[in-house]
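Engineer: Just dropping this structure here.
We did not get these values from a lab; they are worked out from the coordinates using the rules stated. Predicted model, so just to flag it, every value in this text is computed and none were measured. Note that we place each Cβ from the backbone using ideal geometry, even for glycine, and neighbour counts take in every protein chain shown.
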Amino acid sequence: MPQFPRICILGGGSAGWMTAAALATKFPNAGGEITLIESEQIGTVGVGEATLPHIRFFNQALGIDEPTFMKTTKATFKLGIEFCDWGKRGDRYIHPFGDYGFPVDELDFHQAWLKLHQAGKAHRIDDYSFPILAAQEDRFKIPEGDVNEVGSNFGYAYQFDSSLYAKFLRSFSEARGVKRVEGRVVDIGLGATTGHVETLSLEDGSKVEADLFVDCSGFRGVLIEQTLETGYEDWSEWLPCNRAVAIPCESKGELSPYTRATARTAGWQWRIPLQHRTGNGHVYCSEFISDDEAIAQLLDNLEGAQLADPNQLYFKTGRRKKFWNRNVVSIGLSAGFLEPLESTSIHLIQEGITTLIELFPSAGIEALDVDEYNRRMGLNFERVRDFLLLHYIATQRDDSEMWRHFRALKLPDSLDERLQAWLSRGHIPAYEFGVFLPPSWLAVMLGQNLMPTDYDPRLDRYEMDELHQRLETIRTQTADAVRATPTQAEFLAQYGAASRSPRAKAAS
Amino acid sequence: MVASQKTLVVIGRGLAGNLAALALSNSLGPSWRIVQVGQPSTPPEDSFYGNVTAPTAYNFLRSVGLDEPRLLRRSSTAFSLGTHFKNWLGGASWMQCHHSPFATPAGAPLHHQLTRLGLDLEPLLVSAQVALAGRFAHPPSDPGSVLSRAEYGYQFDPMEWACLLDQSLQSSPVEIVECGVSEVETQAGNITALTLENGDTLTATLVIDANGPSRRESLCSGGAFTTKRTVHAQANQTSTPQTGPACQSVEASAQGWVSTAFLQDRALGLNVSAVRGNNAEQQGFNIALGQLDAAWNGNCVAIGHAAAVVEPLTPAPMMLLQRDIERLLGLIPTGVNMEVERREYNRQYRDDIAHISLFLTTLVKSDDVPDSVYWRDAQPTEPDEKLQRKLAQFEHRGLLVSYDLEPFNDEDWTILHWGKGLRPRQYDRTADAMSQVDATQTLASIRQSIEQITPRIPPHGLYVAKLKDYLERQAHG
C-alpha cells in the first residue's frame, strides 16, 4: 500500500476531536501522522449537547468505558426528546428512542392502536412505550435481554457537556499518537497545479503540511469555504431560523433523562439537563423577533438562576455544496448546519467520520471517493432536513408570523406525499439510509395531532376484543416494567457514572 | 355477506394468482369478498418464474401454507443453497450462494482482507462448498458452527406449487369461478364491471391482474409495457433416480442459456434463447422481457408476469412476485379513492424493478459474449448511473454501494462481483488493523472449518429422504 496520508484536522471542538479519536483508533499504525490544530483563543460552539443513540456505537468502537465517559463529561442518559407547544399551545409529547409496543403478528403496532383509537378503546399511545413512561418519571435503566420483551425494546443516548467531551477525546487521541498543535492559522498554502491545500502557517511561524485536511473550523469553514470557496446550499426557505442564544442555568429537581424542545413564537427553546447544570438555548428567526426579545424570552423561561452570559450564535441553515472538495473534507458546522431540534449535530459529525473512514484515501485523493462521500452525506442531510421541517408544518399553530409562514409554505413533493400517506391510512414510507426511521415519523406526526382517518384494513381480520386484550397486555407490562426501574440519579450512582462535582451555583 | 362488503377480484389461477388470492384471503377480514376467476390451468409462462427461491421467501411461503414439511411431503421441492453458474461469460464459473453477513476480521469487510492477501472468496463460503459437494443440512442456530452462516431457499416446480395452493384455496373463503373474463367495462380509468365467459357479471372494488403476460386488464386502465426484447423459452423435465445437488445450475450457451434445477425426483430444465424464425415449429413460448411503467392503474393492480418479466437466471422473478404481493397487502385501499395507495405502490414497484435490473444487468454484462443475437441483445444499451456507481466503486476499492431496500443484499453483490472476476484495485485501509499473518491465519481457519465440516454433512438426497421419513412419522403420530 502507498504511504499513509498525512492528516491535518483544523479545529478542536467536538467535530475535530471526534475525528481525531476515530481516525487514530481505526488506523492505529498511522500514529504521528494525524495533527490537530486548535487555538484556545477561538471558542467552540458546542451546540450539540444532546445526542442520538448512534453515539454509543461510536464510543464503543473507540473502546470508551461508559461510566468513565459519563462521569467525565457530566453526562445524563437520554431516552428521547419532549416537544412542548408544537402541535398547538399546551401540547406535549415525547419522541422516544424505540418502538411503540410490539407488532401484531406481521402488522405494525401503531395500526392496531389506530383501529382501537377509532373505536375509543385505546389509551394514549405513550402508554405502550417504555422509554416515554420512564422518561416522564425520570427513571432509567440500560436495556438488556430480549429486544422482543417489554422494557428492553428501546435505545438511549446521552446529554453531555460537549466541551468536556472534546477534552476527554483530546486525551484519548493524544494517547494514541495524535499531535496537537496550539495556534491560529494565518496563511494557507495551495498547490499551484492541484489547487489542493498543502500548508497551514501558524502565527508563530511554524507550518503544518498534510495530504488530507479535515475542516472542523465551525461555521467559518476556514478551508472548505474561505479558502476553496466551495459554496453553500441555502435551506432557509425550509428552515428559516438563523440565530441562537445559549445560556446555562442551575438545575432544579430530578435529573430528567430527556431533552426538551419548546416551540416559541419565532423559534424554539432547548433544555438539556446535565448532571451539574442545565443547558438552555433559544433558536429563532431574526425576521420575526429581535435579538433582545429572543434573549428576554429565554431568560423568562429558565428553570434556575443564570450561570453565564448569553452566548449568541449566527447561522444559515443548509449544507456545503460539496462536503469533500479537493483534499479538504468538512465535518461538523463547516459542512452545514441544521438546527439541533432533533439532536442531529453530533450525529452528522459521526456520519461524516464513519463515511470518511469507509472512503479513506488509499492512494491519493480520487474523484470516486470524493463523489461517493458527497452523495452519501447529501442524502443524510436532506433526510434530516425533511424530518426537521415536519415539526414546523405538522401544526395547527397560527398565532405568530413564523407559524403563519409555515402554514403557507409549499412543501417538497416527497414530504407532501409522506403526509398524505400518513393522514389517509397511517402509512409511513420506509427508507433504509437515513437516521430517522418510521417510529420517529410516527412519534412526531401523532404527537402533533396528525391523526389518520383510517388504518391498515388487514387489522379487520381481528376481533376488536382480541386486539384490545393484546394491547392491554403490552400496556400493563410496560407500566409494571417502569415501576421496577430506578430513577436516573439512582442508576447513575450505582453505575459509577455520577459526577463528583456538585451542581453549579450562580454567583450570588 | 357482510354489510358494505367490498369485492376483490383476482384474475388468473396460475402461481401468481393463487399466491395472491391465498395471501389476501389470509390477510383480510370478512369485510372483503375475494373472488378468483380463471381456468384451472397453469399457464406455460409460469415456468419463467424459474425454479428457485431466495432465503427471504421462507416466511412468505409459510404465511400462505407452503411450510417446509408440506413442501417436502406433498411436492418434489428440494433445498437450494444458490445457483451454480458454469461456463458463464468469459468462461467464469462460481457458486452464487446464499450466505448470512460475512465475517469482518478486525472490523474490516471480509473481501478487503481477500484483496489484501490475494485470496479467493469461494473457499470461505460454507454454503458454496456444501452445495458444490452435493450436500445439505439445515443451518444450525448455534453461531459456533460454521454451517450457521449458510442460508437456503428452495428448488421447486411452479406448476406443482400452483396446484398445492389451489388445494388450499378450495377450502378457503375465496370464491373460485372456473372461467375467464370475456369483457371488461371501464369508466374514468377504473374497472367498473367484469363480464365472465359464463355470462355472469362481477363488480369489483379492486382487481388484481395475475393473468400472466397477456396484461389485458391493466392495459385497459392505462398501464404501458416497456420492452426491449422478446426471448424464446423452452421448459423440460427428466426424472432422476437420485436427488441432485442443493443448487440450480445455469450455463451460458452460444445462443442463450440453460438452467437445471434439481428437485427430489427430477431435474427441471429451462432453455432460453433468441426468438427464431418459425415459432410454430418450436416447442415452448416466446415472452417479452420488460415491465409496466406503473403496475397499479385505476383500481387494477398487475402482479407477477402481468407487471414485469425478468429472466429467471436468479431467484429474481420469485423475489419480485413476493414483493408484488407484500406491497399489495400493505396497501389494500381503505376507500374508493386509491390515489395514495396507487402512488406509493408504484413508487415501491419502480424501485424494486430498477434494483432487480441492476443485479441482472451486472450478471449478463460482458465484453466477452458469444456472437449471437441473444447475447448481443442482452447487453445494456444505455448507461445506468446507479449501476455505474456500483461497478465503479467495487472495482475502485471494494466499496459496496447500496440503495434503499434493495432485494439483493451485500453478500449477493460481493459474490456476484467476485464470481464475474471483478476485483477491487485496492483494499480498505481498515484491513491493516490486523497483521497480515493474523489475517492469513483467521481466513485459513475459516476455510479449514468448512473443509472439515463439509464431508460430515449428508448428501442432499439422503438428507431430504430422511427428513421426509421423519416428517411422515410425525404426521402419523
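Engineer: Given 10 °C and 1.306 mPa s, compute D for segment B:252-364 with the Stokes-Einstein relation, Rh being the Kirkwood radius over Cα pairs; round to the nearest whole µm²/s.
Structural biologist: 98
Engineer: Treating only the Cβ atoms of Lys and Arg (+1) and Asp and Glu (-1) as charged, compute the dipole magnitude of segment A:111-222 about its Cα centre; round to the nearest 20 debye.
Structural biologist: Here segment A:111-222 has a charge dipole of around 300 debye.
Engineer: A further question follows. Rounded to whole Å, give me the distance from the Cα center of segment B:108-122 to that of segment B:235-282.
Structural biologist: Result: 34 Å between the Cα centres.
Engineer: Quote the convex hull volume per residue of segment A:460-503, based on C-alpha atoms, as a whole number of Å³.
Structural biologist: Cα-based convex hull of segment A:460-503, divided per residue, equals 105 Å³.
Engineer: Quick one: helix B:339-364 against the long Cα principal axis of chain B, what's the angle to the nearest 10°, folded into 0 to 90?
Structural biologist: The helix B:339-364 is inclined about 40 degrees to chain B.
Engineer: Excluding B:GLY269 itself, what net charge comes from residues whose Cβ is under 13 Å from its Cβ, given Lys and Arg +1 and Asp and Glu -1?
Structural biologist: -1
Engineer: Take B:MET318, B:MET159 and order them by how many other Cβ atoms sit within 10 Å, fewest up front.
Structural biologist: B:MET159, B:MET318
Engineer: If you don't mind, another one. Out of residues 5 or more away from A:GLU198 or on other chains, whose amide H comes under 5 Å of its own, with H placed 1.01 Å from N in the peptide plane?
Structural biologist: Those qualifying (amide H under 5 Å, at least 5 residues apart or on another chain) are A:GLY189, A:LEU190, A:GLY191.
Engineer: Take the eigenvalues of the Cα gyration tensor for the protein assembly as shown, scale each by 5, and report the square roots as semi-axes in whole Å, largest first.
Structural biologist: Square roots of five times the eigenvalues give 51, 36, 27 Å.
Engineer: Here is a further query. Could you tally the net charge around B:HIS476, taking each other residue with its Cβ under 13 Å from the Cβ of B:HIS476, Lys/Arg +1 and Asp/Glu -1?
Structural biologist: +1
Engineer: Okay, moving on. Under a Cβ-only charge scheme (Lys and Arg +1, Asp and Glu -1), can you give me the dipole magnitude of segment A:238-354 about the Cα centre, in debye to the nearest 20?
Structural biologist: The calculation lands at about 700 debye.
Engineer: Given +1 on the Cβ of Lys and Arg, -1 on the Cβ of Asp and Glu, and no further charges, what dipole in debye does the protein assembly as shown carry about its Cα centre, rounded to the nearest 20?
Structural biologist: That gives a dipole near 1120 debye.
Engineer: More than 24 Å apart: what percent of Cα pairs in segment A:387-508 qualify?
Structural biologist: Everything past 24 Å amounts to 57 percent.
Engineer: Okay, moving on. Which of the three applies to segment A:312-456, rounded, prolate or oblate, going by the alpha-carbon gyration tensor with a ≥ b ≥ c and a/c under 1.5 meaning rounded?
Structural biologist: Note, shape of segment A:312-456 comes out prolate.
Engineer: If you build the Cα gyration tensor of chain A and take the root of 5 times each eigenvalue, what three semi-axes come out, in whole angstrom, biggest first?
Structural biologist: They are 39, 25, 24 Å, listed from largest to smallest.
Engineer: What order do you get for B:243-251, B:187-195 when each peptide is scored by the mean count of other beta carbon atoms within 10 Å, highest first?
Structural biologist: Ranking the peptides B:243-251, B:187-195 by packing returns B:243-251, B:187-195.
Engineer: Return A:TYR392, A:TYR462 ranked ascending by Cβ neighbour count within 10 Å, so the fewest neighbours appear first.
Structural biologist: Final ranking by Cβ density, sparse to dense: A:TYR462, A:TYR392.
Engineer: Sticking with this structure for a sec: May I ask for log10 I(q)/I(0) of chain B at q = 0.06 Å⁻¹, from a Debye sum over the Cα atoms as equal point scatterers with solvent left out?
Structural biologist: For the requested q values the scattering log ratios are -0.28.
Engineer: While we're looking at this one, here's another question. Helix A:291-300: angle to the longest alpha-carbon principal axis of chain A, degrees 0 to 90, nearest 10?
Structural biologist: For helix A:291-300, the angle is close to 50 degrees.
Engineer: I've got another one for you. What three numbers, in Å, describe the spread of the alpha carbons of segment B:1-109 along their principal axes, ordered from the longest?
Structural biologist: 62, 38, 29 Å, listed from the longest principal axis down.
Engineer: Using 27 Å as the Cα-Cα cut-off, could you pick out the over-long pairs in A:LYS321/B:LYS365; A:LYS71/A:LYS252; A:LYS316/A:LYS505; B:LYS420/B:LYS466; A:LYS179/A:LYS505; B:LYS420/B:LYS468?
Structural biologist: Correct reply: A:LYS321/B:LYS365; A:LYS316/A:LYS505; B:LYS420/B:LYS466; A:LYS179/A:LYS505; B:LYS420/B:LYS468.
Engineer: Still on this structure: Can you list residues from other chains, or at least 5 along the same chain, whose modelled amide H is less than 5 Å from the amide H of B:GLY290?
Structural biologist: Close amide H contacts, sequence-distant or interchain: B:VAL309.
Engineer: Taking every DSSP beta bridge that has both residues in the protein assembly as shown, what percent is antiparallel when rounded to the nearest 5?
Structural biologist: 70
Engineer: While we're looking at this one, here's another question. So if I take the centroid of the Cα atoms in segment B:33-54 and the same for segment A:303-354, what is the distance between those two points in Å?
Structural biologist: With segment B:33-54 and segment A:303-354 each reduced to a Cα centre, they are spaced 55 Å.
Engineer: As I understand it, the dipole of segment A:388-482 uses +1 on the Cβ of Lys and Arg and -1 on the Cβ of Asp and Glu, about the Cα centre. Which of A:LEU471, A:SER424, A:THR395 lies farthest toward its positive end?
Structural biologist: Of the candidates, A:THR395 comes out farthest on the positive side.
Engineer: Calculate the length of the line joining the C-alpha centroid of segment A:410-442 to that of segment A:366-393, in whole Å.
Structural biologist: Taking the Cα centre of each part, segment A:410-442 and segment A:366-393 sit 16 Å apart.
Engineer: Could you point to the residue in B:PRO30, B:LEU19, B:HIS84 farthest towards the positive end of segment B:1-96's charge dipole, with +1 and -1 charges on the Cβ of Lys/Arg and Asp/Glu respectively?
Structural biologist: B:PRO30
Engineer: If neighbour count is taken as other Cβ atoms inside 10 Å, put B:HIS112, A:HIS468, B:HIS98, A:HIS123 in order from fewest to most.
Structural biologist: A:HIS123, A:HIS468, B:HIS112, B:HIS98
Engineer: Compare the Cα positions of A:PRO248, A:ILE7, A:TRP324 along the charge dipole of chain A (+1 at Cβ of Lys, Arg; -1 at Cβ of Asp, Glu; about the Cα centre) and return the one farthest towards the positive end.
Structural biologist: Most positive-ward Cα: A:PRO248.
Engineer: Working from Cα positions, state the angle (0 to 90°, nearest 10) between the long axis of helix B:15-27 and the longest principal axis of chain B.
Structural biologist: Helix B:15-27 sits roughly 80 degrees off the main axis of chain B.
Engineer: Determine the sum of side-chain charges near B:ARG229: Lys and Arg each +1, Asp and Glu each -1, restricted to other residues whose C-beta is under 11 angstrom from that of B:ARG229.
Structural biologist: With Lys, Arg at +1 and Asp, Glu at -1, the net is 0.
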